[in-house]
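What follows is calculated from the coordinates using simple rules that are stated; it is not laboratory data. On a predicted model such as this, the values are computed, not experimentally measured, just so you know. Cβ: placed from backbone, ideal geometry, glycine included. Neighbour counts: every protein chain shown.
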Amino acid sequence: MWTAFIEKKKHPVTQRSRYIYVKAFLSFCNGKNNPEATERRWLDSIPLCWEAPKTETHEIVSYNFEEVVDVLKEANKNGALGFYVMRLFSMMRSHEYERFIDLGGGDTIQSNRFIDLSNNRITINNFVYRKRGNSENRGRYYNDLHPTFRLWLEYFKANNIKIWSNHKLIKRLTNESNNPKAKAHNILRHTAITFHAIRFSDPLRTAYIAGNSVGIISNHYLNMNIGKVDAESFYDLTPHRAKELGII
């Protein structure tokens, strides 16, 4: 019965998630961290025998610098430049960024309480981060904002440019893109983490800002086909340079 429940989902990742939840529940019934079963366990054993299937690893996909320029040009034409720049520099997950806007109280630099230019910091608190484990419920910070990122934030503030865009527009831009990479899962976060990790060669700092472990980043986010020149060019992409490239 448990195996059938787990394997009802076809994707191995979802199957593993179900397995973890089922195992945690059955372990609770078996007495683990169960204050109601200190003298007598509800289950004498854990009736679960399942092993995750092996999956074929795929190459990590991310944009190179030239492709980022093209993406930002289209974004600016459609009023979504703030959204794309924030996703590429902040390294936030898509759902984190939604909460960042909703809980921050606004979609402009001056109205969002999580953006603190006076202290050169962006706060990604525990409600934005929202990890399940209490030990990781502290949130995280993007301290000492990179000068290029800071210049973009100041540019958005001076020009009252919104840093949020509706889902329909982002989906349309994705579907209409001539670059097949645009439809790759999590492409903006992959690109953001790849550029940061390669440019600064500080995996712990990248992992902290992105809210992941070094192992997860190296196995699931870091595209080693991207050269250092591309990463350096991205972090030199100030608003002034963007004007020269025809982005704005």
The Rg/Rh figure for the range 1-56, Cα atoms and Kirkwood Rh, to two decimals is 1.08
The answer for trypsin sites (Lys or Arg not before Pro) in the range 75-155 that fall in a DSSP coil and have at most 12 neighbouring Cβ atoms within 10 Å is ARG113, ARG132, ARG138
Correct response: the longest run of the chain lacking exposed GluC sites (Glu not before Pro), defined by DSSP loop and at most 12 other Cβ within 10 Å, is 60-248
Residue separation between THR148 and ASN179 times 0.36 nm, minus their alpha-carbon distance, gives in nm 8.6 nm
Reduced to Cα centres, the span from the range 154-176 to the range 65-95 in Å works out to 8
With +1 at each Lys and Arg Cβ and -1 at each Asp and Glu Cβ, the charge dipole magnitude of the range 102-248 around its Cα centre, to the nearest 20 debye, comes out at 460
Treating only Lys and Arg (+1) and Asp and Glu (-1) as charged, each at its beta carbon, one finds that the chain has a dipole about its Cα centre, in Debye to the nearest 20, of 640
Given pairs LYS10/LYS168; LYS157/LYS181; LYS77/LYS181; LYS23/LYS181; LYS9/LYS168; LYS168/LYS228 and cut-off 26 Å on Cα-Cα distance, the over-length ones are LYS10/LYS168; LYS157/LYS181; LYS23/LYS181; LYS9/LYS168; LYS168/LYS228
Compactness check, the range 58-152: C-alpha Rg relative to the 2.2 N^0.38 Å globular estimate gives 1.17
In nanometres, the difference between 0.36 nm per residue of separation and the alpha-carbon distance of TYR141 and ASN159 is 3.9 nm
With the dipole of the chain defined by +1 on each Lys or Arg Cβ and -1 on each Asp or Glu Cβ, the option from ILE170, ALA207, ALA242 whose Cα lies farthest towards the positive pole is ILE170
Straight-line reach check, LYS54, cutoff 20 Å on alpha carbons, 8 or more apart in-chain or any other chain, hits among aspartates and glutamates -> GLU7
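Can you give me the Rg/Rh ratio for the range 140-248, using Cα atoms for both radii and the Kirkwood formula for Rh? If you can, show how the numbers build up before the last one.
Working: Rg = 15.1 Å, Rh = 15.6 Å.
Value, to two decimals: 0.97.
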Calculating Kirkwood radius over Cα pairs in Å from this structure picks out, from (i) 18.1; (ii) 17.6; (iii) 20.3, entry (iii)
If one builds a Gaussian network model of the chain from Cα atoms under 10 Å apart, the most fluctuating residue listed among HIS185, HIS220, HIS167 is HIS167
Env charge @ LYS8, Cβ radius under 14 Å, K,R +1 / D,E -1, value +3
